[in-house]
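**Student:** Next up is a structure, given as structure tokens.
The values are calculated or read from the model by the stated rules, or taken from the named source; none is laboratory data. Because the structure is predicted, anything quoted here is derived from the model rather than measured. Cβ placement follows ideal geometry from the backbone for every residue including glycine, while neighbour counts extend to all protein chains displayed.
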Amino acid sequence: MSSQAQTEKRVARLEDTVAIANTKMEFVRQIDTAINNGETLTTLPPSISDSAIMTIAAPLHATWTAQEGIAAMRHASFSLCFLGSEQIHLDEHDPDLAVGQWVSWHPMTLGGSAWLVAGRIRDEFARRNGRWQLTRIEFTPEICTPWQVGWGSQRLTGVIG
Amino acid sequence: MQSEQHGDAALAARIDRLEAFRTAVSAISSSGAACDAGPYDPLEATAGWLDDGEFSTDGSAYVGVEAIRAFFAGLTAGFTLHLFTNFELEDGDETVVRCYGLEAPSLHDVAHFGGFTHRVIHRQQDEVAGFVRWQQGIHLITPALKGWVRGPKIADQTA
């Protein structure tokens, strides 16, 4: 491979990491915006695949289709999902696959009460027709508690069901 | 030869855009640290702005760096900690970055929690890079232990 081609490849990989982060942030922003404007998303955002799966690990345990996951957001009347500690890993063998990881800090209003939901996110991405899409969202909760109570004594409280 | 030069120019433009994004992210993060100084020292807080920049926050707009300094001079807090997350680069020729802001100010010795959304245009103008437009949405500034349902959703940060 020529020096020019190698440089092209390195730049393309950097562009991919930005595009993948954009995909995740756009998805989160569109959901937060809909919730905070009192709107219901009737179609999936283009940033997520129709066949995507969402899982929530123990002790909350849930597995949803993308449509079911979006529908579950109807319980929230306020949402800001802060995402930091970003790690994006492009697949070594397939240029159209990647994994992204974040730590979330997510204040929400659920059923008229303030809640804090925070934890670790591992997402899978695939590039289809030139556009990166979420194909799997895995959330491992570390904190899920009413905000007023805080997370000192009990970090995980049931919120789904 | 001509094709090779065109390829070099195209590659340089792609690298320029990546560098501009990273520069804007660093500038936004630096502005958080600058706001924490004082807190809200007007000169520190506006160090990253171009002279003709515009800052808008929930319906109010401040045009020109002097007006933006006056806005920051009107804020009071015993302590602030600004954390920017969810960086997103908009498509287009300009460097337009969206992000979220998490804030932990102490107002009148009461711990508060703040949640913000931002859309920022950062530009290289002549030899200077800086903010030309910053649109801020305030979602929460609420007493940390009461939450935003029992306590006020947006506390007055100018009182």
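**Student:** Just one of A:Ala5, A:Ala62, A:Ala34, A:Ala72 is at pLDDT 95 or above and among the aliphatic types (A, V, I, L, M); which is it?
**Tutor:** The unique qualifying residue is A:Ala34.
**Student:** Take the range A:81-100 and flag every residue that is within 14 Å of another protein chain (Cβ to nearest Cβ) and surrounded by 15 or more Cβ atoms within 10 Å (Cβ to Cβ).
**Tutor:** Correct list: A:Cys81, A:Phe82, A:Leu83, A:Gly84, A:Glu86, A:Ile88, A:Gly100.
**Student:** I'd like the full set of residues that are among the charged types (D, E, K, R) and either touching a helix residue (DSSP H, G or I) at 6+ places or on another chain (Cβ under 6 Å) or within 20 Å of A:Gly130 (Cβ to Cβ) (or both), limited to the range A:87-115.
**Tutor:** A:Asp91, A:Asp94, A:Asp96
**Student:** So which residues in the range A:9-30 are closer than 17 Å to A:Asp94 by Cα and either more than 7 Å from chain B (Cβ to nearest Cβ) or modelled with pLDDT under 95 (or both), if there are any at all?
**Tutor:** Within the range A:9-30, A:Lys9, A:Arg10, A:Ala12, A:Arg13, A:Asp16, A:Thr17, A:Ala19, A:Ile20 qualify.
**Student:** Would you point out the residue of the range B:72-118, among those that are more than 11 Å from chain A (Cβ to nearest Cβ) and of a type in the set (S, T, N, Q), that is surrounded by the most Cβ atoms within 10 Å (Cβ to Cβ)?
**Tutor:** Applying the filter and picking the extreme gives B:Thr95.
Here is a yes/no grid of residues against (1) assigned to a helix (DSSP H, G or I); (2) touching a residue at least 24 places away in the same chain (Cβ under 8 Å):
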| position | (1), (2) |
| --- | --- |
| B:Leu11 | yes, no |
| B:Tyr40 | no, yes |
| B:Glu54 | no, yes |
| B:Ala70 | yes, yes |
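**Student:** Follow-up. Across the range B:51-65, what is the number of residues that are of a type outside the set (Phe, Trp, Tyr), more than 20 Å from B:Asp126 (Cβ to Cβ) and surrounded by 18 or more Cβ atoms within 10 Å (Cβ to Cβ)?
**Tutor:** 0
**Student:** So, one more: Just one of B:Ser30, B:Ser60, B:Ser3 is touching a Gly at 6+ places or on another chain (Cβ under 9 Å) and on the phi < 0 side of the Ramachandran plot; which is it?
**Tutor:** The match here is B:Ser30.
**Student:** So B:Ile68 ticks every box in (1) within 14 Å of another protein chain (Cβ to nearest Cβ); (2) crowded, with 18+ Cβ neighbours inside 10 Å; (3) touching a Phe, Trp or Tyr at 6+ places or on another chain (Cβ under 8 Å) but one. Which box is left unticked?
**Tutor:** Looking at each condition in turn, B:Ile68 falls short on (1).
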